[in-house]
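Below is one structure, written out as structure tokens; the observations come after it.
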Amino acid sequence: FKTCPGRVLCKLPCSGEKEVDLAVQSAKAAFKIWSQMSGMERCRVMLEAARIIREQREEIATMETINNGKSIFEARVDIDISWQCLEYYAGLAGSLAGEHIQLPGGSFGYTRREPLGVCVGIGAWNYPFQIACWKSGPALACGNAMVYKPSPFTPLSVVRLAEIFTEAGVPKGLFNVVQGGAATGQLLCQHPDVAKISFTGSVPTGMKIMEMAAKGIKPVTLELGGKSPLIIFSDADLENAVKGALMANFLTQGEVCCNGTRVFVERKILDTFTKEVVKRTQKIKIGDPLLEDTRMGALINRPHLNRVQGFIKQAKEQGAEVLCGGDLYVPDDPKLKNGYYMRPCVLGNCKDDMTCVKEEIFGPVMAILPFDTEEEVLERANATKFGLAGGVFTRDIQKAHRVVAALKAGMCFINNYNVSPVELPFGGYKSSGFGRENGRAAIEYYSQLKTVCVEMGDVESAF
């Protein structure tokens, strides 16, 4: 592989009705084997998959960089999180259990935690390999099979994951990959043998998936968009807060659903904070994502780059000030001249009613907004249809916990941002979706509970 910005890497056929049905039936057959294995047996296979990923970290990270355009530095982190995810759920696989409940007269009841069947995973293009592991880890640990559809913009690395699962020893067809866009996704959601759908992507697509799932009464997990608030109080460690704001806005070229793109800064430190953020943003190294010192690669494609540029143009028209960046970037290397690069952008003089503050841009664009009081900033922070994440920087630990308790968001950060340990549940409130990825919480969304009531005496009958 070599980086080929703006050029076709390969061509993959879209999966139609026949291919989707074949994948589902293959997964259904594998499910019968996998679901009857003990948790410890599943654990060993999943640990082997994690080992292979860890061993092939560099190769997979390189593939992911070419697949997505993010820096190799970030891609390595994604791959590490991926094998950690499989290790974590491998550890849980052997501990899945129900309860025993004593009833009067020696009778008793018990619960069984059982797999759902064939689960569908539909992934996004910003973290192709990692999201596939986030979905397949708990699904497989619980005894399910999975048919996975990556984004058509990033179809490559998930195929490697399927090969790794096979090498690790899962039954043939347990983790199947189908390729395609909305039509393929629709076929998966409407397939009668699919038991559950887990989707990561945009709010409009999430709504359509929920509608389709409702017709089959299928459970769904939706991890959708965000316009998350990052609140910087004047007593915060300024250096740490600046680092946090950069982490909250510019990872993966700003193409991260939980990014803290509304940066609320207490007015006392507004000028100092803004000056330092602009200075640091201008130093971000842009260019070939396979180079070790690159910290920002290319955006996913031309239409998306144009869309992000359109938000910046509209922001200026509505009165925002571009403090730095926002323009196209052309690297010196002639091989990269057709890449979808832009300089990371910081917007000042922002108001809550501006489009750039209300809508998810999904690009490297930070909006800075001043505030005066805790009560005020909380009201403004929560005045959004989204509720995926939120963050606060302050040295006052009581204030920090008070603020995150008041934020209407599913994933909150105190004095850090965009940290995603697999041990902690991840998911949103409001239009940002429901259900959870990661942590023990994900087990609830990939299994079902059966209750068994056992009578040890004669049946008490009303007849």
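The values are calculated or read from the model by the stated rules, or taken from the named source; none is laboratory data. Note that this is a predicted model, so its numbers are computed, not measured. All Cβ positions, glycine included, derive from the backbone under ideal geometry; neighbour counts span all protein chains shown. When the accessible area is computed, the model is the full protein with side chains, heavy atoms only, and any ligands, DNA or RNA have been set aside. Shrake-Rupley method; radii C 1.70, N 1.55, O 1.52, S 1.80 Å.
With Cα atoms defining each centre, the stretch 310-360 and the stretch 130-161 are spaced 33 Å apart in the structure.
Within a straight-line Cα-Cα reach of under 13 Å, K313 can be paired with the following aspartates and glutamates, leaving aside sequence neighbours fewer than 8 residues apart in one chain: E321, D327. The residues of the stretch 229-414 expose on average 42 square angstrom of accessible surface per residue, using a 1.4 Å probe on protein heavy atoms. Of the GluC sites (Glu not before Pro) in the stretch 338-377, not one is in a loop by DSSP (not H, G, I, E or B) with at most 12 other beta carbons within 10 Å. For the stretch 1-101, the list of trypsin sites (Lys or Arg not before Pro) that fall in a loop by DSSP and count at most 11 other C-beta atoms within 10 angstrom reads K2, R7, K11. Cross-link pairs exceeding 19 Å in C-alpha to C-alpha distance, out of K351/K385; K70/K408; K32/K196; K227/K408, comprise K70/K408. Between the helical axis of 302-317 and the longest alpha-carbon principal axis of the chain there is an angle of about 50 degrees.
What would the Debye equation give as log₁₀ I(q)/I(0) for the stretch 65-189 at q = 0.13, 0.18 Å⁻¹, counting only Cα atoms as equal point scatterers? So the normalised log intensities are -0.58, -0.96.
For G326, the residues whose amide H sits under 5 Å from its own are R343, C345, ignoring neighbours fewer than 5 places away on the same chain, with H placed 1.01 Å from N. A P(r) calculated from all alpha carbon pairs of the stretch 86-129, with 5 Å bins opening at zero, reads 5, 13, 11, 18, 16, 12, 9, 6, 4, 3, 2, 0 percent. Taking the stretch 216-232 and a reference point 7 angstrom along Cα→Cβ of V77, the backbone N atoms nearer than 20 Å belong to 226-232.
Each residue of the stretch 1-88 gets 114 Å³ once the volume of the Cα convex hull is shared out per residue. Label sites at Q282 and K337, each approximated as a point 7 angstrom past Cα along Cα to Cβ, lie 2.8 nm apart. Calculated [222 nm] ellipticity per residue, helices only, for the chain: -12500 deg cm²/dmol; basis is -39500 (n - 2.57) per DSSP H run with n ≥ 4, divided by all residues, nearest 500.
The fraction of accessible area contributed by carbon and sulfur in the chain is 55 percent, rounded to a whole number (1.4 Å probe; ligands and nucleic acids excluded). Any chance you could give the angle, 0 to 90 degrees and rounded to 10, that helix 17-34 forms with the longest Cα principal axis of the chain? Approximately 60 degrees, to the nearest ten. For the stretch 244-284 versus the stretch 289-304, the inter-centroid distance based on Cα atoms is 19 Å. Axis angle, to the nearest 10 degrees, between helix 128-141 and the longest C-alpha principal axis of the chain: 20 degrees. Note that the stretch 36-44 has calculated 3J(HN,Hα) couplings of 8, 6, 6, x, 5, 5, 5, 4, 5 Hz, one per residue in order, obtained from phi through the Karplus relation 6.51 cos²θ - 1.76 cosθ + 1.60 (θ = phi - 60°); glycine and proline are x.
Calculated from the alpha-carbon coordinates, the stretch 183-269 shows an Rg and a Dmax of 18.8, 59 Å respectively.
Give me the Kirkwood hydrodynamic radius of the stretch 220-292 in Å, from all C-alpha pairs, to one decimal place? Evaluated over the stretch 220-292, this radius sits at 13.6 Å.
For the chain, a simple Cβ point-charge model (Lys and Arg +1, Asp and Glu -1, everything else neutral) yields a dipole of about 920 debye relative to the Cα centre. Taking the DSSP beta bridges with both ends in the stretch 229-414, the antiparallel portion is around 15 percent. Counted over all Cα-Cα pairs of the stretch 229-414, pairs farther apart than 29 Å make up 19 percent.
Between the alpha-carbon centers of the stretch 423-444 and the stretch 1-78, tell me the distance in whole angstrom. Computed from Cα coordinates, the inter-centre distance equals 22 Å. Taking one quarter of the surface of the C-alpha convex hull of the stretch 131-229 gives a mean projected area of 7.1 nm².
Antiparallel as a % of all DSSP beta bridges within the chain, to the nearest 5? Bridges in the chain are about 35 percent antiparallel. The loop-placed chymotrypsin sites (Phe, Trp or Tyr not before Pro) in the stretch 36-119, going by DSSP, include none that has at most 12 neighbouring Cβ atoms within 10 Å of its Cβ.
Across the chain, Cα pairs under 8 Å and at least six residues apart give a relative contact order of 19 percent.
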